[in-house]
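The values are calculated or read from the model by the stated rules, or taken from the named source; none is laboratory data. As the structure is a computational prediction, the values presented were derived from the model and not from experiment. Note that each Cβ is placed from the backbone with ideal geometry, even for glycine, and that neighbours are counted across all protein chains shown. To get the accessible areas, we keep the full protein, side chains included, count just its heavy atoms, and leave off ligands, DNA and RNA. Shrake-Rupley method; radii C 1.70, N 1.55, O 1.52, S 1.80 Å.
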Amino acid sequence: MLILVLNAGSSSLKYQLINVETAEVKASGLCERIGIDGVMKHEIAEHRKLEIDQPMPTHKEAIEFVLNILTHDDTKVIETIDEIKAIGHRIVHGGEYFKKSVLITPDVIRKIEELIPLAPLHNPAHLLGIRICKQLLPDKPNVAVFDTAFHQTMPEENYLYAVPHEDYLEHHLRKYGFHGTSHYYVSNEAIKMLNKRDTKVIVCHLGNGSSMCAVKDGKSIDTTMGLTPLEGLVMGTRSGDIDAGVIPYLMDRKGMSPDEIIDYLNKKSGILGVSGISSDLREVLKAAEDGDHRSKVCIEMMSNRIKKYLCSYIGLLGGVDAICFTAGIGENADVIREKACAGLEFLGIEIDKRKNKKRESGNREINKDDAPIKIYVIPTNEEYVIARDTYNLVKKD
Ligand code: ADP
């Protein structure tokens, strides 16, 4: 069964056409600069890549263009749109309403709308994607898969902030966590690799956005991102954890507005802010090799923040069976993996430097052979989880 997976952003649209039974990705791509000029990067079955300039005034033209490219000329991978059985939408915020993926009904749309104050940039774009799919493909079922759903198992004491309780009750102020689809997929792969009952797993999803998750018996019990994706680790352009007192201090000293502060902490901080070079870790690693001091400090800061959370999650879980690294940095940056685990040998976390440096695809183990705690590199696959959830719900329906 073919499922179209869509991730509609404010000016972008990511897509994959997946055969769920075989996990084959028939085509994938990214439409960027929607509403500006429009560029599409399209890849057919991992071997043919093309970049097309295509005016896309709105998301409607972008989705029309995707459907067209999948069914026409030499980019054709299916005969007709009818071969697509359903559409799976990635939705950033499901609040406390959604603990798992759901078929999209008018009530689901209403709830995603209601949650806009919690995800003002993301949820409106997702809603747009859903509405356009309903217009262009009126007879196809749509499924919503939420980034927050996996973390809905966190206990109260871990999701509440230590602020007056009325603000949780009246304004839904709490930790929600994100990257749930990835944390679910990776922890589940780790549990299969561990092949035991009663599992304690920590997932480090390290990409442009980064978060960690403590997973007990397959359920999230804590995660580093919070009400918004700003909390936790040092990320590409986000500060992660910071003293809230920084906000009024900067507003006073620099005359910044609330919007400017949020922009500063979300888009100008993190790897970019500390290194002053780039938000892309590859460039910062290179600058550090060339002796750049700020880049070296940045790498230590990132690694130490991961290490701090590793230790606190081992405490919360009461031990750990496996630590997993995933996403762009987690899968590729052996230096960060090595530094994050360094000094934790006394806990049984012993990385094998040779295995860690080796470049391999697929799931792999990088701990020393006789180490008590497994350290895994597990490539994430959020799109596949979205396609599979969509398939399961559509099949049931
Ligand atoms: P996103 O959160 O946008 O999906 P990714 O998961 O693709 O991001 O991760 C992007 C990050 O991964 C960037 O900081 C990039 O520098 C880093 N990265 C990708 N490949 C490598 C590599 N070979 N070595 C080090 N860092 C890498």
Pairing a residue in the stretch 95-120 that is open to solvent by 40 Å² or more (accessible area, probe 1.4 Å) with any residue that is part of a loop (DSSP other than H, G, I, E, B) and at pLDDT below 95, where Cβ atoms lie under 8 Å and the two sit 6 or more apart in sequence or on different chains, gives Leu103/Asp397
Take Leu285 and decide whether it is within 14 Å of the ligand (Cβ to nearest atom) and either of a type in the set (Asp, Glu) or at negative phi (or both).
-> yes
Could you list, in sequence order, the residues of the stretch 354-384 that are modelled with pLDDT of 95 or more, assigned to a loop (DSSP other than H, G, I, E, B) and either of a type in the set (Asp, Glu) or open to solvent by 50 Å² or more (accessible area, probe 1.4 Å) (or both)?
-> Lys358, Asn363, Lys368, Asp369, Asp370, Pro372, Asn381
Out of all the residues in the stretch 246-260, which are out of contact with any Leu (no Cβ under 6 Å at 6 or more places or on another chain) and closer than 25 Å to Leu121 by Cα?
-> Val246, Ile247, Pro248, Leu250, Met251, Gly255, Ser257, Pro258, Asp259, Glu260
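Here's the yes/no breakdown for (1) more than 15 Å from Cys213 (Cβ to Cβ); (2) free of Cβ contacts under 8 Å to residues at least 40 places away in the same chain; (3) not β-branched (Val, Ile, Thr):
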{"position": "Ser312", "(1), (2), (3)": "no, yes, yes"}
{"position": "Ile349", "(1), (2), (3)": "yes, yes, no"}
{"position": "Lys357", "(1), (2), (3)": "yes, yes, yes"}
{"position": "Asp370", "(1), (2), (3)": "yes, yes, yes"}
{"position": "Ile375", "(1), (2), (3)": "yes, no, no"}
Somewhere in the stretch 333-340, is a residue more than 22 Å from the chain's Cα centre (by Cα), within 16 Å of the ligand (Cβ to nearest atom) and touching a residue at least 24 places away in the same chain (Cβ under 8 Å)?
-> yes
Tally the residues that are free of Cβ contacts under 8 Å to residues at least 12 places away in the same chain and open to solvent by less than 20 Å² (accessible area, probe 1.4 Å), restricting the search to the stretch 249-307.
-> 2
Residue check for Lys355: in contact with a Lys or Arg (Cβ under 8 Å, 6 or more places away or on another chain) and more than 16 Å from the ligand (Cβ to nearest atom) | yes
Of all residues in the stretch 46-75, how many are open to solvent by 90 Å² or more (accessible area, probe 1.4 Å) and either assigned to a helix (DSSP H, G or I) or in contact with a strand residue (DSSP E or B) (Cβ under 9 Å, 6 or more places away or on another chain) (or both)?
-> 6
Does Ser28 meet the test of being in a strand (DSSP E or B), within 18 Å of Cys133 (Cα to Cα) and touching a residue at least 40 places away in the same chain (Cβ under 8 Å)?
-> yes
Please indicate, with yes or no, whether at least one residue in the stretch 232-239 is away from the ligand (no atom under 16 Å from the Cβ), under 18 Å from the mean Cα position of the chain (by Cα) and either open to solvent by less than 10 Å² (accessible area, probe 1.4 Å) or over 25 Å from Asn123 (Cα atoms) (or both).
-> no
Taking into account only those residues within the stretch 178-223 that are touching a Cys at 6+ places or on another chain (Cβ under 7 Å) and within 16 Å of the ligand (Cβ to nearest atom), which is farthest from Thr153 (Cα to Cα)?
-> Cys204
Only unsatisfied item for Lys396, checking (1) more than 16 Å from the ligand (Cβ to nearest atom); (2) touching a helix residue (DSSP H, G or I) at 6+ places or on another chain (Cβ under 8 Å), is (2)
